[in-house]
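The values are calculated or read from the model by the stated rules, or taken from the named source; none is laboratory data. As the structure is a computational prediction, the values presented were derived from the model and not from experiment. Positions of Cβ are generated from backbone atoms using ideal geometry, with glycine treated the same way; all protein chains shown enter the neighbour counts.
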């Protein structure tokens with residue numbers, strides 16, 4: 001540790017009870033908990049059960065953690081048992097992560113992602129026609145069906161319809177696991193609690209679906225699954241069988257769940273905000289001539305993009321990111337000791353009144369004429385896809401899918417629902433607190 005770091009004071013620590021620390025306060029209301037942390041400053045220490053933790057709440061500090069001092073932080077060994085994803089890109093670290101990222105990155109180059117646009121639009125039109133015939137439906141379930149179909153066809157080269165239920169069960173099991181109280185989640189997975197049994201059932205069904213998908217393929221294609229099956233790293237090694245399965249589970253979970261949640265929240269707001277829905281329809285009716293939105297339409301779908309950006313601000317699908325200090329690190333004038341778990345909470349920063357006027361209001365107009373971050377706000381006041389070397393590999397894919405799907409949906413149906421405030425279930429993802437049911441009326 002350098003002398004300059006040694007001289008830095010420790011960050012202020014939240015007043016909390018011994019042993020359990022802040023676990024109960026966080027579990028009771030994560031939003032109020034982070035408001036309380038913010039009263040201590042922009043770098044604050046606390047604990048969750050037996051974990052020493054800190055949070056960074058200022059964009060400059062966030063940029064330091066994610067970008068400037070990237071090498072001083074690592075992906076932490078999860079507080080939650082996520083062995084099911086442990087060999088995937090989301091949770092690996094160091095040289096293994098770099099090798100995986102290098103291998104997978106070409107699948108997400110701009111030119112490659114553009115080739116998926118036709119499938120995204122076509123599937124959105126097909127899904128919309130199915131939904132308008134169904135009457136009232138569960139919006140999250142509908143959007144998950146759509147995003148999983150797109151992901152399976154474009155990235156994996158497989159038909160996921162047969163495995164929809166199993167993949168969604170696995171995604172729900174992972175989501176519930178990360179939403180548990182930080183104290184009870186410390187109970188080892190092998191202990192037969194009701195929560196652990198539910199988790200095991202969901203994950204086992206997910207694994208079985210992955211096994212079926214892998215068994216049906218033997219490589220040789222031009223998709224992510226074939227790439228993994230045929231891959232060889234620069235050191236001459238190949239991904240193990242368990243690594244291939246962990247990668248597939250990672251992409252099927254993170255790749256479909258986050259986009260489905262973003263679309264779910266957009267539908268929720270369209271049903272609550274007639275003016276936003278009207279403006280969106282007016283733009284789409286002017287720009288989109290065919291059955292669905294296309295890649296060529298995107299430059300003129302400016303309001304559609306504003307709606308997507310605002311949804312990712314107000315309801316960031318990935319609620320927070322986590323790092324662990326490899327050494328003592330100076331952040332924001334304070335010292336964070338080695339081995340500290342650091343939270344980087346998009347859900348809080350995206351609602352910080354220092355950077356956002358009326359942050360609780362869904363207002364796409366705040367993005368009008370904006371290339372990146374509105375006004376003179378700091379860069380990391382808005383970071384739905386993270387930042388730095390570990391920024392979300394699927395960012396371009398997700399933005400293209402969200403814009404094409406939203407424009408196509410707006411062209412084909414109007415949203416009707418009676419929900420006021422459904423609340424939030426905050427875990428690994430920003431999930432509705434209760435099911436959102438809506439009717440999609442044909443236009």
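Summary table
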| read-out | value |
| --- | --- |
| All positions within the stretch 165-192 that are farther than 18 Å from residue 430 by Cβ, modelled with pLDDT of 70 or more and touching a helix residue (DSSP H, G or I) at 6+ places or on another chain (Cβ under 8 Å) | 165, 166, 167, 169, 170 |
| Candidate set: the stretch 66-82, residues that are assigned to a helix (DSSP H, G or I), touching a residue at least 12 places away in the same chain (Cβ under 8 Å) and out of contact with any helix residue (DSSP H, G or I) (no Cβ under 8 Å at 6 or more places or on another chain); chosen: the one farthest from residue 245 (Cα to Cα) | 72 |
| Matching option when the condition is under 25 Å from residue 392 (Cα atoms) and in contact with a strand residue (DSSP E or B) (Cβ under 9 Å, 6 or more places away or on another chain), among 334, 315 | 315 |
| The stretch 376-391, residues that are surrounded by fewer than 20 Cβ atoms within 10 Å (Cβ to Cβ) and under 22 Å from residue 148 (Cα atoms) | 385, 391 |
| Condition met for residue 335 (over 17 Å from the mean Cα position of the chain (by Cα), more than 22 Å from residue 175 (Cβ to Cβ) and assigned to a strand (DSSP E or B)) | yes |
| Identity of the residue in the stretch 230-240, surrounded by fewer than 18 Cβ atoms within 10 Å (Cβ to Cβ) and touching a residue at least 12 places away in the same chain (Cβ under 8 Å), that ends up farthest from the chain's Cα centre (by Cα) | 235 |
| Helices (runs of 4 or more DSSP H) wholly inside the stretch 104-154 containing at least 2 residues that are surrounded by 20 or more Cβ atoms within 10 Å (Cβ to Cβ) and at negative phi | 117-134, 139-151 |
| Residue 236 more than 15 Å from residue 91 (Cβ to Cβ) and modelled with pLDDT of 95 or more | no |
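Per-residue answers, yes or no, for (1) over 21 Å from residue 40 (Cα atoms); (2) in contact (Cβ under 8 Å) with a residue 12 or more places away in the chain:
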position	(1), (2)
335	no, yes
346	no, yes
352	no, yes
358	yes, no
385	yes, yes
389	yes, yes
398	yes, yes
403	yes, yes
411	yes, yes
